[in-house]
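What follows is one structure encoded as structure tokens, with my remarks underneath.
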């Protein structure tokens, strides 16, 4: 009985031990499966890692290199026996070598190290000197570009650190799996992961050192450019203040001239001079502020001027014409001038004289009445015309009057002496005021010009024409209103002729002679006339 009891107890113990062992095996399997799934998850997570891809390419390059060496060894062995079979094998291996060579060429950058390009820092371009306010924008752009490059480079380091962390987790998981099972595939994967982890750690140490050096260079370049920007901002503010003071002074000078100069022409020229001086000072301030080598500038401007003088001849001639106008005083704002171009005549008043042209406002004159039949236009006359085109000035210096003339043709049987007397009387009556003004103006012009004939009284002439006797009356009139006085005098002459019986206007006429009324002339002896 005791034996049976002992046998039962021993059997139960063995069965319980076997059950426990089976339970432990099941738990271990489930744990290994869970750990393996975690490893697979990490592999999927790191599937698109650039670092792993480059490392894989490096391993592929090494494998291809070893395969190429094996092919060379095989060919050397086959060449020892020159048989047909060996030659066929050699040819097959040579084709394989060509394929391997092409693959190696594609992976050429992985010959020495898989991470050379990843660890190599971007080149820091030398920043150009910030020598003007516009370069400040390029300075800020340069700093932004440096920071973008640094962030991009740092992202590579961050990616490497994340990769190392995940590989360490994978290594720990694989070590746990190996503790439960000694399968070769887990042992090989653990060995491969450890090798990769060591490679990436070494790359990280090198990368950290490289990034630290690169970061210092970026900071140094940033500080240098920032300092230049600050200096340029200070300089620009100083120059802006100086320009503001110069402009403010010009404004006060204009205000003072407007208050104390009553003559509009003098006021206009004064404002022009103030503007010219103001702009010149501003240009000189900017040149001396932003041109480091003025001698170099003068040399460049000299060569550039030689080329521009040919290409822009008319513009330079206009600038020279402006200088001649300003210094010579031949034309002023307010003068009435006459200019012809391409058969068209323009008469008007100068309303502006700029560096390149004179602006003329066309008025209603005898020229617009007889020729163009247009008026009121704004005409722009290049200043270089004073060298190439005849420009008449009706109001030069103190002159405000010009000679104007009216022609009246009377019949041959009219009392021409009476007509001349009456027409001259009318002209004197209406031009007396302008005659007195012209006399004073010509006396003033004698100080600058040699004037011999200063007679300004109305002048009258009688000229024999085919259809009658033409009486031409000339008188002094206002340069700006010659057409008005001509109209007044013309109307008075017509009224006078209509009221006078022995004076008649001549028209183109024809005389018809009838045969019975033809006056017979005495015969002429040609021999006597010619003394034959």
Q: For segment 27-228, compute Rh as the Kirkwood radius over C-alpha pairs and then the Stokes-Einstein diffusion coefficient at 25 °C and 0.890 mPa s; write the answer in µm²/s, rounded to an integer.
A: 115
(Q) Suppose R0 equals 56 Å. What FRET efficiency, 1/(1 + (r/R0)^6) with r the Cβ-Cβ distance, do residue 33 and residue 230 give to the nearest 0.05? (A) 0.30
Q: Pull out the extension gain between residue 341 and residue 413, defined as 0.36 nm times the separation in residues minus the alpha carbon to alpha carbon distance; nm, one decimal.
A: 21.5 nm
Q. Taking a spot 7 Å from the Cα of residue 202 along the direction of its beta carbon, which residues of segment 97-114 have an amide N less than 16 Å from it?
A. 110-114
**Q.** Residues 273, 402 arranged by fewest to most Cβ contacts within 10 Å
**A.** 273, 402
Q.
Students often check this: by mean Cβ neighbours within 10 Å, which of 183-194, 379-390 ranks highest, and how do the rest follow?
A. 379-390, 183-194
(Q) Please compute the modelled spin-label separation between residue 102 and residue 356, points set 7 Å along Cα→Cβ, answer in nm with one decimal. (A) 6.5
Q) Once the piece of chain linking residue 398 and residue 366 is laid out straight, how much longer is it, given 0.36 nm per residue of separation minus the C-alpha distance between them? A) 9.3 nm
Q | Calculated FRET value between residue 89 and residue 183, using beta carbons and R₀ = 41 Å, to 0.05 | A | 0.60
Q: Would you order 369, 346, 260, 268 from fewest to most other beta-carbon atoms within 10 Å of each residue's own beta-carbon?
A: 260, 369, 268, 346
Q) Taking neighbour counts of Cβ atoms within 10 Å as a proxy for exposure, in what order, fewest first, do 416, 467, 61 appear? A) 467, 416, 61
Q | In nm, spacing of pseudo-spin labels at residue 287 and residue 154 (7 Å Cα→C-beta vector) | A | 4.8
Q.
Once R0 is set to 60 Å, what does the formula 1/(1 + (r/R0)^6) return for the Cβ-Cβ distance between residue 470 and residue 264, expressed as a FRET efficiency to the nearest 0.05?
A. 0.90
(Q) Using helices alone, I'd like the mean residue ellipticity at 222 nm for the chain: each DSSP H run of four-plus residues gives -39500 (n - 2.57), total over residue count, nearest 500. (A) -23000 deg cm²/dmol
Q) Points 7 angstrom from Cα along the Cβ direction at residue 128 and residue 463: gap in nanometres? A) 7.1
Q) Once P(r) over Cα pairs in 10 Å bins from 0, in percent is worked out from the coordinates, which option in (1) 4, 16, 21, 20, 18, 12, 6, 3, 1, 0; (2) 3, 9, 10, 10, 9, 8, 7, 7, 7, 6, 6, 5, 4, 3, 2, 1, 1, 0, 0, 0, 0; (3) 4, 17, 27, 26, 16, 8, 2, 0 does it equal? A) (2)
Q | Whole-number percent relative contact order across the chain, with pairs defined as alpha carbons under 8 Å at least 6 apart | A | 9
Q: Compute the length gained on full extension between residue 240 and residue 436: take 0.36 nm times their separation in residues and subtract their Cα-Cα distance, giving the result in nm to one decimal.
A: 65.0 nm
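Read-outs throughout are calculated quantities, based only on the coordinates presented, and are distinct from any laboratory measurement. The structure displayed is predicted, hence computed values, not measured ones. A quick note on method: Cβ atoms are made from the backbone with ideal geometry, for glycine too, and the neighbour counts reach across all protein chains shown.
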